[in-house]
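Here the structure is laid out as structure tokens; the discussion comes afterwards.
The values are calculated or read from the model by the stated rules, or taken from the named source; none is laboratory data. Fair warning: this is a prediction, and the values are worked out from it, not measured in the lab. Quick reminder, even Gly has a Cβ in these numbers, built from the backbone with ideal geometry, and neighbours come from all protein chains shown. All accessible areas refer to the heavy atoms of the entire protein, side chains included, with ligands and DNA or RNA removed. Shrake-Rupley method; radii C 1.70, N 1.55, O 1.52, S 1.80 Å.
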Amino acid sequence: MRRVSSVDLYNTSYGHSALEAYRQVRLETYGEDFGQTSWTTSEEYREIARALELRRESNVLEIGCGAGGCATYFAETIGCRVAGLDVNCEGIAAANALAKTKGLGDRASFREHDVSKGIPFEPAVFDAIFSNDAFCHFVDRLALLGECLRVLKQGGRMIFSDALVITGAITNEEFVARSSIGRYLFVPPGENERLLAKAGFKLLRSDDTTAAAAAIAERWSDARARQKSVLVAIEGEANFEGLQRFLQCVHALTAEKRLSRCLYLTTKP
Ligand SMILES: C[S@@+](CC[C@H](N)C(=O)[O-])C[C@H]1O[C@@H](n2cnc3c(N)ncnc32)[C@H](O)[C@@H]1O
């Protein structure tokens, strides 16, 4: 059954990614503007590149690339080749426009694709895969992990974050607010580790990044409040308020560690 989101985050963020108000919100939220829409700090971007051991020769896949901020950053600063997949056409349009503006040529390419239907690449073509806060949208995570394993080269590395690990009590109203922007899979601690092992990955490391996510959610909500008149004109009052409730809910759940965000670094043995 297809679920219709009651609040839109991705179309408004990606569709207006280049507008000054959204740029300012990202700058105040993350400190650096990469066109990101996630709980990933700039420091985590750099840690992802280090953990994946990215080099100029690396062929890299991003799952749920959104507006392409992280992928273009890696292509630009490391010189690697990055392919991004996302189901949102506004995100892909913004990502391709960003790659063109940065003159990345064929080092960064973005394609609209629903990854729950599989990964549209040949087996064993990627040295590394990363995914920032997109895995939470995949209900059949084992199937997704199987596809990731298929397209990764032997010895290749993958890193992904999951902001929906349940580590405390959550009310039904909080579940509704936290899920208002799309379909989500909430998992108990240990579930990602279990699925990774079942799919055939070796877990190298997992890090708890909940505190950083809590800080981002608070700064994001505050930054949006400062741009309220411009954002309401674009998003409408109901959507603006819905997104503020979503961000405040993320902040409360993560600040109180009732919902945790973890980063998983894995390899294909
Ligand atoms: C939290 S956003 C993160 C975007 C980007 N990684 C970033 O850091 O800015 C999650 C992304 O997952 C994408 N997504 C959700 N379901 C998907 C699917 N079935 N196939 C591909 N992408 C999907 C959404 O469109 C969204 O862009």
_Dipole of the chain, positive end: most advanced residue of Gly103, Ser6, Ala214 [Cβ charges, Cα centre]_ = Gly103
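Say a site is exposed when it is one of the trypsin sites (Lys or Arg not before Pro), sits in a DSSP loop, and has at most 11 other Cβ atoms within 10 Å; what is then the longest site-free stretch of the chain?
Working: sites that count: Arg2, Arg3, Arg56.
With trypsin sites (Lys or Arg not before Pro) excluded where exposed in loops, the chain gives 57-269 as its longest stretch.
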*Where nothing but the Cβ of Lys and Arg (+1) and of Asp and Glu (-1) is charged, how large is the charge dipole of segment 1-151 around its Cα centre, in debye to the nearest 20?*
260
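Mind listing which GluC sites (Glu not before Pro) in segment 66-127 are in a DSSP loop and have 16 or fewer other Cβ atoms within 10 Å? Can you show the working numbers first?
Working: sites: Glu76, Glu90, Glu112; in loops: none.
Hits after loop and neighbour filter: nothing returned.
To the nearest 20 debye, what charge dipole does the chain have about its Cα centre, counting +1 at the Cβ of each Lys and Arg and -1 at the Cβ of each Asp and Glu?
Values: 33 positive and 35 negative charges, 125 e Å.
Value, rounded to 20: 600 debye.
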*Global size of segment 136-269 as Cα Rg and Dmax, reported in angstrom*: 17.0, 52
*To the nearest Å, what is the center-to-center distance of segment 85-116 and segment 220-252, using C-alpha atoms only?*
26
_Values of log10 I(q)/I(0), in the order q = 0.13 Å⁻¹, for segment 10-267 under a Debye, Cα-only, solvent-free model_ = -0.80
*Which one of Phe246, Ala197, Val139 is farthest out on the positive end of the charge dipole of segment 137-269, using unit charges on Cβ (Lys, Arg +1; Asp, Glu -1) and the Cα centre as origin?*
Ala197
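So if each residue of separation counts as 0.36 nm, and I subtract the Cα-Cα distance between Arg194 and Leu142, what length gain in nm does that give?
Numbers: separation 52, 0.36 × 52 = 18.72 nm, distance 0.97 nm.
Extra length available between Arg194 and Leu142 comes to 17.8 nm.
Nothing charged except the Cβ atoms of Lys and Arg (+1) and of Asp and Glu (-1): what's the magnitude of the dipole of segment 105-209 about its Cα centre? Round to the nearest 20 debye.
360
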_Could you work out what % of the accessible surface of segment 1-58 is carbon and sulfur, using a 1.4 angstrom probe and leaving DNA, RNA and ligands out of the count?_
50
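Taking the radius of gyration and the Kirkwood hydrodynamic radius from Cα positions alone, what is the Rg/Rh ratio for segment 188-240, to two decimal places? Can you show the working numbers first?
Values: Rg = 18.6 Å, Rh = 14.4 Å.
Computed over Cα atoms, the ratio is 1.29.
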*Residue-level accessible surface for Asp140, protein heavy atoms, 1.4 Å, Å²*: 100
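For segment 1-56, state which GluC sites (Glu not before Pro) are in a DSSP loop and have at most 12 other beta carbons lying within 10 Å of their beta carbon. Please list the in-between numbers first.
Working: sites: Glu20, Glu28, Glu32, Glu43, Glu44, Glu47, Glu53; in loops: Glu32, Glu53.
Answer by residue number: Glu53.
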